[in-house]
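So the structure is just underneath, and the comments pick up after that.
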Amino acid sequence: MSQHFTVEILQLQNGAGLPVPHYQTEHAAGVDLYAAVDVETEIAPGSWKLIPTGISIAIPEGYEGQVRPRSGLALKHGIGMLNGPGTIDADYRGEIGVILFNFSDKPFPVRRGDRIAQMVFVKIEKARFLTVADLSETKRGSGGFGHTG
């Protein structure tokens, strides 16, 4: 059984008439975000655009909203996010936007109401940093990218 908390949502003027984010199935991890474009917007191959969602939200302290690409857009159209996952901080109150990237060789149209991304809410922990003279030794040590094969 999952824990529930309240996320306040403000539907902005450009989002009027669009569905508000909601879980599509009982065990879905994320909610869909919808394109709040006024007219069809084309994303050329190899380029990106910031697509508005028409909503602002208030996430409770101790949580973040992670905006993630939709697998169906990736598989069927080669569309992903330039900065996925994107983080929505608990103190952000502006409109949520999604930076879509067209990895394909064909233009991609974004239409009003298209499901363009998903958002998952995650509990976060804040770190406390302590400056030290040395770090403890590990088997890996300072091995970098690709170090383990």
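Fully extending the segment from Ala133 to Ser104 would add 5.6 nm, taking 0.36 nm per residue of separation and subtracting the current Cα-Cα distance.
Loop-located GluC sites (Glu not before Pro) in region 27-132 (DSSP state not H, G, I, E or B) with no more than 10 neighbouring Cβ atoms inside 10 Å: Glu61, Glu125. Which entry in [x] 13.0; [y] 17.8; [z] 8.5 is this structure's computed mean projected area of the Cα convex hull in nm²? Among [x] 13.0; [y] 17.8; [z] 8.5, the one derived from this structure is [x].
Looking at the chain, send over the antiparallel percent of its DSSP beta bridges, to the nearest 5. Working shown, then result.
Working: 28 of 28 bridges.
Bridges in the chain are about 100 percent antiparallel.
Which residues does a label at Phe5 reach in region 116-141, if reach means a backbone N under 15 Å from a point 7 Å past the Cα toward the Cβ? In region 116-141, the label zone of Phe5 (backbone N under 15 Å from the point 7 Å along Cα→Cβ) covers 120-127.
Per residue Cα convex hull volume for region 88-149, in cubic angstrom? Intermediate results must be reported in sequence, preceding the final value.
Numbers: hull volume 14.0 nm³, N = 62.
Given the Cα convex hull of region 88-149, per-residue volume reads 226 Å³.
So how much slack lies between Ser142 and Leu50, counting 0.36 nm per residue of separation and subtracting their Cα-Cα distance, in nm? Present the calculation step by step, with values, prior to reporting the outcome.
Working: separation 92, 0.36 × 92 = 33.12 nm, distance 3.77 nm.
So the extension gain works out to 29.4 nm.
Taking a cut-off of 29 Å between Cα atoms, list the lysines near Lys139, but don't count ones fewer than 8 places away on the same chain. Here the lysines satisfying the reach criterion relative to Lys139 are Lys126.
Here the simple spin-label model places points 7 Å from the Cα toward Cβ, and for Asn14 and Tyr92 these points are separated by 1.5 nm. Here the contact order of the chain, divided by its residue count and restricted to Cα pairs under 8 Å and six or more residues apart, works out to 30 percent. Cross-link pairs exceeding 21 Å between alpha carbons, from the set Lys49/Lys106; Lys49/Lys123; Lys76/Lys106: Lys49/Lys123.
First measure r as the distance between the Cβ atoms of Lys123 and Glu42, then evaluate 1/(1 + (r/R0)^6) with R0 = 25 Å and state the FRET efficiency to the nearest 0.05.
Working: r = 38 Å, r/R0 = 1.52.
In this case the efficiency is close to 0.05.
Since every read-out is calculated from the coordinates, none of them should be taken as a lab result. Remember, predicted model here, so these are calculated numbers, not experimental data. Quick reminder, even Gly has a Cβ in these numbers, built from the backbone with ideal geometry, and neighbours come from all protein chains shown.
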